[in-house]
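Colleague: One structure, as structure tokens, below. Some questions next.
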Ligand SMILES: *Cc1c(COP(=O)(O)O)cnc(C)c1O
């Protein structure tokens with residue numbers, strides 16, 4: 001017998017036979033309704049268009065990284081085999097997103113694409129004012145230009161690098177108030193992105209008038225991609241309302257965060273993902289957003305808020321640097337791609353695959369004895385370079401050393417998140433970051449399980465010879481966001 005299709009049966013030889021006049025045959029497998037739980041993670045899509053990968057030899061990679069001053073950001077992407085530098089703007093767009101792009105209307109003002117974008121955002125984040133920007137940091141720059149300034153302090157669970165840079169560029173202080181569990185790479189707390197509510201309450205009790213907004217980054221990118229619980233978000237919201245301080249979300253990975261709430265938080269397992277997202281948004285007064293993350297955009301972002309006066313100031317700045325308020329630095333087609341991407345971002349089949357496949361990489365490395373931040377986060381696996389390279393001092397950049405080795409050995413590009421990224425202080429001094437991590441960020445819907453199996457092999461091989469990896473010193477350092485353009489040399 002073959003596969004049943006209505007009343008026909010397709011035989012395994014491909015022939016069809018009509019069963020209309022025959023006795024209905026029901027194979028025994030259909031007698032019970034048990035769902036089989038197969039372990040293989042199935043990508044909930046198939047490939048429609050392919051991009052070639054470019055193979056290199058180890059000698060070529062050594063030459064390339066030396067020429068780059070040992071900074072993986074300086075590499076030509078052509079010379080990278082598996083690019084895990086970031087999940088930002090690197091995801092694969094869907095057939096429906098490419099189709100939406102054809103609907104892009106490039107009218108300067110009031111394009112239908114803008115109205116579809118605005119409606120798509122408000123469907124999940126019902127803020128009064130939606131202000132489109134070309135990416136997340138543009139939203140941050142505009143907001144902190146208005147609300148920041150010397151003497152102000154902005155708390156966050158953990159500021160992302162561009163957020164910290166924009167807060168500090170305004171003259172304000174960026175303060176991280178993560179729970180203690182979140183700074184311990186091996187602690188298995190289910191919501192390691194949570195804000196320390198007592199610390200927040202304490203800060204606002206003494207300095208509420210210096211705090212222009214409280215931020216919460218979901219998921220906590222710089223702290224291991226760890227989620228924030230709904231209970232914690234409610235707690236932050238309650239404290240902010242009590243002190244009359246606006247509460248903003250840095251919501252780049254809102255859908256992955258909602259999936260973790262759905263999976264891990266008591267009482268949330270039956271809820272729709274979009275419904276969880278809407279509740280999270282309702283607890284806040286505004287948000288900054290990079291559409292290059294969960295919404296599957298290759299570019300884009302937005303700033304949103306309920307406060308009319310604040311929105312007016314932000315729109316005026318937007319016109320100065322980004323564009324008219326109905327496109328904000330984006331083409332109409334980009335607005336369309338994001339509007340469609342937002343619908344796909346909250347689909348449970350996608351999110352299940354997304355989170356499980358990231359965990360697949362992290363758990364395989366953990367099982368192979370490679371120190372990784374546990375539990376595995378949403379968009380990335382974070383290698384603990386401090387634990388893997390104990391012979392390299394924090395200010396000789398163990399994460400940088402590990403990132404170079406991953407490229408040299410296997411053509412994998414990863415991103416240091418440690419003392420290179422966060423070591424330079426606003427007063428000019430240098431001090432070690434809380435953790436020395438190397439982030440393997442997984443672009444959305446882009447790599448298959450065999451790519452990831454290869455990554456597991458390469459990381460394991462590098463880990464096996466970790467004790468021979470050198471520290472690095474910087475030979476060129478720019479004044480801000482130094483990790484992007486610094487140059488190094490190995491300490492031999
Ligand atoms: C990416 C990111 C940003 C900045 O967004 P860009 O689009 O890269 O400018 C801000 N916050 C977090 C948490 C991010 O991951």
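All of the numbers you see were taken from the coordinates with simple rules; none came from a lab. Predicted model only: the values in this text are computed from it and were never measured. Cβ placement follows ideal geometry from the backbone for every residue including glycine, while neighbour counts extend to all protein chains displayed.
Colleague: Given the rule -39500 (n - 2.57) for each run of at least 4 DSSP H residues, summed and divided by the residues of the chain, what is its mean residue ellipticity at 222 nm, to the nearest 500 deg cm²/dmol? Mind dumping the intermediate values first?
Modeller: Values: 16 runs with 182 residues, N = 492.
The helix-only estimate for the chain comes to -11500 deg cm²/dmol at 222 nm.
Colleague: Hey, another quick one. Mean separation of Cα pairs under 8 Å and 6+ residues apart, divided by the residue count of segment 143-190: what relative contact order is that in percent?
Modeller: The normalised contact order for segment 143-190 reaches 39 percent.
Colleague: Using 0.36 nm per residue of separation minus the Cα-Cα distance, give me the extension gain between residue 67 and residue 207 in nm, one decimal.
Modeller: 45.5 nm
Colleague: How high is the relative contact order of the chain, in percent, with contacts defined as C-alpha pairs under 8 Å that are six or more residues apart? Could you put the intermediate results ahead of the total?
Modeller: On the way: 986 pairs, mean separation 101.0, N = 492.
With pairs under 8 Å counted, the relative contact order is 21 percent.
Colleague: From the C-alpha coordinates alone, can you work out the Kirkwood hydrodynamic radius of the chain, in Å?
Modeller: Details: mean 1/r = 0.0417 Å⁻¹.
Taking the inverse mean of 1/r over all distinct Cα pairs, the chain comes out at 24.0 Å.
Colleague: Note the per residue figure in Å³ for the convex hull of the C-alpha positions in segment 95-345.
Modeller: Looking at segment 95-345, the number lands at 113 Å³ per residue.
Colleague: Which of 343, 386, 192 has the fewest other C-beta atoms within 10 Å, and how do the rest follow up to the most?
Modeller: The order, fewest Cβ neighbours first, is 343, 386, 192.
Colleague: Could you list 114, 98 in order of exposure, starting from the residue whose Cβ has the fewest other Cβ atoms within 10 Å? Spell out each step's value before the answer.
Modeller: Values: 114 24, 98 15.
Placing the least packed residue first, the sequence is 98, 114.
Colleague: For segment 47-95, just say rounded, prolate or oblate: build the C-alpha gyration tensor, square-root its eigenvalues into a ≥ b ≥ c, call rounded for a/c under 1.5, and beyond that prolate if a/b exceeds b/c, oblate if not.
Modeller: oblate
Colleague: Right, something else. Could you work out the relative contact order of segment 252-299, using alpha carbon pairs under 8 angstrom and six or more residues apart, expressed as a whole percent?
Modeller: Contact order relative to length: 45 percent.
Colleague: Please report 488, 36, 353 as a ranked list, fewest other C-beta atoms within 10 angstrom at the top and most at the bottom.
Modeller: 36, 353, 488
Colleague: Gap in Å between the Cα centre of segment 264-281 and the Cα centre of segment 134-203?
Modeller: That distance is 24 Å.
Colleague: Ratio of Rg to Rh for segment 212-354, alpha carbon only, Kirkwood?
Modeller: 0.98
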